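One structure, as structure tokens, below. Some questions next.
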Amino acid sequence: MRHEKASSLLALARLLASSAEGLTLDEMAERMGVGRRTAERMRDAARELFPQMEEIDDPPTRRFRIAGGLDGLFLAPDADELAALRGAAETLASQGAVVRAAALRELERKILASMRASARRRVAPDLEALVQAETIAAHAGPRPYEDAGALAVIRQAIKGMNALSFVYDGGSSPGRRREVTPLGILFGRSNYLVASEADGRPRSWRFDRMREVTALDRPAPPPEDFSLQDFADESFGIYHGALEDVVLVIDASRREDALAWRFHRSQTVVQLDDGRVRVSFRAGGMLELAWHLFTWGDAVEIVSPPSLKAVMAEELKKALARCQA
């Protein structure tokens, strides 16, 4: 068997062993990037190598999985994978995300501890070389606040679908105790709990303004139709507001930057005949968008909405007044 085919077959076996419900043939084909007929041949070859493969009826189709997982011999990570894991931990640590960085470091220790000694010795030199040759470029910005105890309580409430109580040193009534239904967590330049109070309207609560966080012994399941991703997509960055149809045009001199940039998850990017680039998306949070557009200097034109133009003009006036003071 050629090396490429053996690697693909092992990759499929790992997918089948890591899926609790199993995969259909179409899902195998999609995950492996092959046609259905190729997926059928790969499944048959995997079944010969791993006879413990199970076939599950799931009308109108069937699912396949390798019960009991794979032997550690087939799961040993290589140096690139371990270096990527360590790099992700270092990135989080450099951003102040100490809780998640610690979780990744503990995961690395567990992986190394589960490897056979010969496998650890084999990857150690390459791993050390990669770690020494790769580092994280620091970017200016706020350090996200992560308190291990508070984050554990929030996650406990989310998993148990229980109400959450905390004192919030922000908003219109600083210092008031809130009781909310936790809906999710937004990690980013700052960390936020997404939750709703009695009115059912989801909103964001900054971690660094929450204290005395307690999970209550009261059921508080999230609405069935709530999507954390959809909620996040309603804003530019983290700030929510009235949804606006945003259209930006970036000068030809910054065309390559614009084509490689993601302003928003829902954006549409069009190259214009004169070399400029038009970016369109729908979101709220015009103030945060205006702050970001400062970084593009005079290379961006705000076509719409008028509210964004007004916010940008006001922020420019404030900046100019500060410089001339």
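If you check ASP26, ASP44, ASP57, which single one turns out to be touching a strand residue (DSSP E or B) at 6+ places or on another chain (Cβ under 9 Å), assigned to a helix (DSSP H, G or I) and loosely packed, with under 15 Cβ neighbours inside 10 Å?
None of the others qualify; the one that does is ASP26.
Name the single residue, out of those in the stretch 287-298 being of a type outside the set (Asp, Glu) and in contact (Cβ under 8 Å) with a residue 40 or more places away in the chain, that is surrounded by the most Cβ atoms within 10 Å (Cβ to Cβ).
That would be LEU289.
Could you tell me which of the residues ARG322, ARG254, ARG262 is crowded, with 16+ Cβ neighbours inside 10 Å and farther than 30 Å from GLY160 by Cβ?
ARG254
Criterion first (without any contact (Cβ under 8 Å) to a residue 40 or more places away in the chain and either part of a helix (DSSP H, G or I) or not aliphatic (A, V, I, L, M) (or both)) does ALA89 satisfy it?
Yes; evaluated as a whole, the condition is true for this residue.
Return the only residue of SER172, SER190, SER165 being farther than 17 Å from LEU228 by Cα and at pLDDT below 90.
SER172
Any residue in the stretch 117-125 that is without any contact (Cβ under 8 Å) to a residue 60 or more places away in the chain and closer than 28 Å to ASP230 by Cβ?
Checked against the condition, which is being without any contact (Cβ under 8 Å) to a residue 60 or more places away in the chain and closer than 28 Å to ASP230 by Cβ, the stretch 117-125 yields no hits at all.
Can you give me the number of residues within the stretch 158-207 that are over 25 Å from SER94 (Cβ atoms), out of contact with any helix residue (DSSP H, G or I) (no Cβ under 6 Å at 6 or more places or on another chain) and in a loop (DSSP other than H, G, I, E, B)?
11
Take VAL180 and tell me if it is at pLDDT 85 or above, out of contact with any His (no Cβ under 6 Å at 6 or more places or on another chain) and of a type in the set (Val, Ile, Thr).
Taking the combined requirement at face value, the residue satisfies it.
Continuing with the same structure: Name the one entry in ALA124, ALA119, ALA103, ALA113 that is under 30 Å from ASP44 (Cβ atoms) and part of a helix (DSSP H, G or I).
Residue meeting the stated conditions: ALA119.
Any idea which of PHE231, PHE187 is closer than 22 Å to VAL99 by Cα and of a type in the set (Phe, Trp, Tyr)?
So the residue among PHE231, PHE187 that is closer than 22 Å to VAL99 by Cα and of a type in the set (Phe, Trp, Tyr) is PHE187.
Residue-wise test of (1) among the hydroxyl-bearing types (Ser, Thr, Tyr); (2) crowded, with 17+ Cβ neighbours inside 10 Å.
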residue: ALA232; (1), (2): no, yes
residue: ALA242; (1), (2): no, no
residue: GLY285; (1), (2): no, yes
residue: SER304; (1), (2): yes, no
residue: GLU315; (1), (2): no, no
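Consider the stretch 279-325. How many of its residues are touching a Ser or Thr at 6+ places or on another chain (Cβ under 8 Å) and over 22 Å from ARG203 (Cβ atoms)?
3
Could you list, in sequence order, the residues of the stretch 277-296 that are at pLDDT below 90 and among the small types (Gly, Ala, Ser)?
Across the stretch 277-296, the qualifying residues are ALA283, GLY284, GLY285.
Still on this structure, please answer the following. For GLU256, which of the numbered conditions (1) among the acidic types (Asp, Glu); (2) outside any helix (DSSP H, G or I); (3) closer than 25 Å to ILE302 by Cα fails to hold?
Going through the list (1) among the acidic types (Asp, Glu); (2) outside any helix (DSSP H, G or I); (3) closer than 25 Å to ILE302 by Cα, GLU256 breaks only (2).
The values are calculated or read from the model by the stated rules, or taken from the named source; none is laboratory data. Keep in mind that what you see is a predicted model, and the values were worked out from it rather than measured. Ideal geometry is used to build each Cβ from the backbone, glycine not excepted, and the neighbour counts take in all protein chains shown.
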